[in-house]
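Asks: Starting off with a structure, shown below.
The values are calculated or read from the model by the stated rules, or taken from the named source; none is laboratory data. Quick caveat, the model's predicted, so the values are computed rather than measured. Quick reminder, even Gly has a Cβ in these numbers, built from the backbone with ideal geometry, and neighbours come from all protein chains shown. Note: accessible area is taken over every heavy atom of the protein model, side chains too, but ligands, DNA and RNA are not part of it. Shrake-Rupley method; radii C 1.70, N 1.55, O 1.52, S 1.80 Å.
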Amino acid sequence: MSSSSKGEGDGVAPQNKGSWSTFLKSIASFNGDLSSMTAPPFILGTTSLTEFSAYWTEHPSIFVAPASEQDPAKRALLVLKWFLSTLKQSYSSRNDKFGSEKKPLNPFLGELFLGKWEDAAGTTQLVSEQVSHHPPVTAYCITNDKHGVQLQGYNAQKASFSRTIHVKQIGHALYTLKSHNETYLITLPALHIEGLIYGKPFVELNNCTYISSSSGYMAKIDYSGKGWVSGKKNSFTAALYPTGKERDILYTIEGQWTDSFTIKAGGGSGLKKADPIDTFNAKTTKTTPLQVPPIEQQDPYESNRAWQKVAEGIVKSDMDVVHNEKSKIENSQRELRRKEQAEGREWQRRFFKRSSPPDPLFEKLARPIPGEKIEAEKTGGVWRFDPSKVQEGGKEPTQAANREL
């Protein structure tokens, strides 16, 4: 890092350059998971990782579109298009809003983020819960009953340093179309942080991910970034083909997941090869805002309420407030864990249940994907949504959680 001192910290305000330089040096010498490090105040975000689950569905109409398609290959294509449409929100929206990537708040065990989207697709419900603290794991379920579409999954993140920050995502998502009795296994991309030395960090995705369908189709997405000599930031290519027949490409997609991409016919689709079929512009396609209850109506375990004072301190750059309010939450959590241990019990998850591998559906869909497996030891188990926990006396999820922090 020191060999590239020209331009170092250009994106950092003059008064913060000293702490930024110290932070970079501490990262380079740190051993272990970087998520546990204390970041400089100006790079702290006000959003908890539990809230990141909402990025999956900020385009609800695209989320439910596959349910209305009768052709299985075209359904698989629409699932792929939906997944690609989520990437900008998931990995670039904070950079767009703040000018650089921010370090999110580390959720506490039992933290909840509940809300819903209302638009032409109907009501799409979000339930996100921090199901494990050691290791940190977030589980989520997003459901649109009108169209019979559900997405559920869980993920942990392992951050390390080697020339820059690298993040491995552990876990997976399952997208289900009830009317077609189909499920799609979605693997999660690895990523690294670019622009770190200049004080303007942004996310770049690595390698490849897959979407494996129970209807017999596979999508492979290859990610590439702007290299030293050529290439465009946040670029990708994707191909959809019958499972096990990678050369029999039905559709291809290429472009930038932060900008726009084009869908074209492949030789196996019955259409003229390379004919454009559809396009998507991530910059101009409007998102649907997530509706969450007012803070005063939220449960003490809901993210916005629980972190309210910490977030206010970050916005005001008042690190005394940030430290004191974070300490209150952390000390309360430690006391709860001590009490549970003394009583020989563990924290009861509000909306999810833990199981152990093997998971038959996962195993079936993951079999054609190179190296894909459940790493239950790194996520505290396999986490699945438990519908029986959602309804308590007919209450919606946003009304059902009622425990004290």
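Asks: Which members of segment 322-381 meet the condition of being surrounded by 14 or more Cβ atoms within 10 Å (Cβ to Cβ), assigned to a loop (DSSP other than H, G, I, E, B) and over 21 Å from the mean Cα position of the chain (by Cα)?
Replies: Hits for segment 322-381 are Trp347, Pro357, Asp359, Pro368.
Asks: Answer yes or no as to whether Ala239 is aliphatic (A, V, I, L, M), modelled with pLDDT of 95 or more and open to solvent by 10 Å² or more (accessible area, probe 1.4 Å).
Replies: Judged against the criteria, Ala239 is a match.
Asks: Right, Ser215: open to solvent by 20 Å² or more (accessible area, probe 1.4 Å) and part of a helix (DSSP H, G or I) or not?
Replies: Answer is no for this residue.
Asks: Within segment 86-115, work out how many residues are crowded, with 21+ Cβ neighbours inside 10 Å, over 13 Å from the mean Cα position of the chain (by Cα) and not in a loop (DSSP other than H, G, I, E, B).
Replies: Total meeting the criteria: 5.
Asks: Follow-up. Determine if segment 337-351 includes at least one residue that is more than 29 Å from Ile142 (Cβ to Cβ), of a type in the set (A, V, I, L, M) and at pLDDT 95 or above.
Replies: Within segment 337-351 (the criterion being more than 29 Å from Ile142 (Cβ to Cβ), of a type in the set (A, V, I, L, M) and at pLDDT 95 or above), the answer is yes, since at least one residue qualifies.
Asks: Now for a different question. Out of all the residues in segment 141-171, which are in contact with a Cys (Cβ under 8 Å, 6 or more places away or on another chain) and either among the polar types (S, T, N, Q) or not in a strand (DSSP E or B) (or both)?
Replies: Gln150, Gln152
Asks: So Thr57 ticks every box in (1) open to solvent by less than 10 Å² (accessible area, probe 1.4 Å); (2) out of contact with any Lys or Arg (no Cβ under 7 Å at 6 or more places or on another chain); (3) closer than 30 Å to Ser332 by Cα but one. Which box is left unticked?
Replies: Result: Thr57 fails condition (3) only.
Asks: Same structure again: Is it the case, given these coordinates, that Asn234 is within 24 Å of Tyr55 (Cβ to Cβ), buried (at least 17 other Cβ atoms within 10 Å of the Cβ) and either of a type in the set (Gly, Ala, Ser) or in contact with a strand residue (DSSP E or B) (Cβ under 6 Å, 6 or more places away or on another chain) (or both)?
Replies: yes
Asks: With the requirement that a residue be in a strand (DSSP E or B) and either out of contact with any Ser or Thr (no Cβ under 6 Å at 6 or more places or on another chain) or without any contact (Cβ under 8 Å) to a residue 24 or more places away in the chain (or both), what does segment 199-212 give you?
Replies: The initial filter retains those residues of segment 199-212 that are in a strand (DSSP E or B), namely 202-206, 208-212.
Selection gives Phe202, Val203, Glu204, Leu205, Asn206, Cys208, Thr209, Ile211, Ser212.
Yes or no, residue by residue, for (1) touching a Pro at 6+ places or on another chain (Cβ under 8 Å); (2) at pLDDT below 75; (3) crowded, with 20+ Cβ neighbours inside 10 Å:
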residue: Ser3; (1), (2), (3): no, yes, no
residue: Asn16; (1), (2), (3): yes, yes, no
residue: Ala28; (1), (2), (3): no, no, no
residue: Gly32; (1), (2), (3): no, yes, no
residue: Ser53; (1), (2), (3): no, no, yes
residue: Phe63; (1), (2), (3): no, no, yes
residue: Asp71; (1), (2), (3): no, no, no
residue: Leu80; (1), (2), (3): no, no, yes
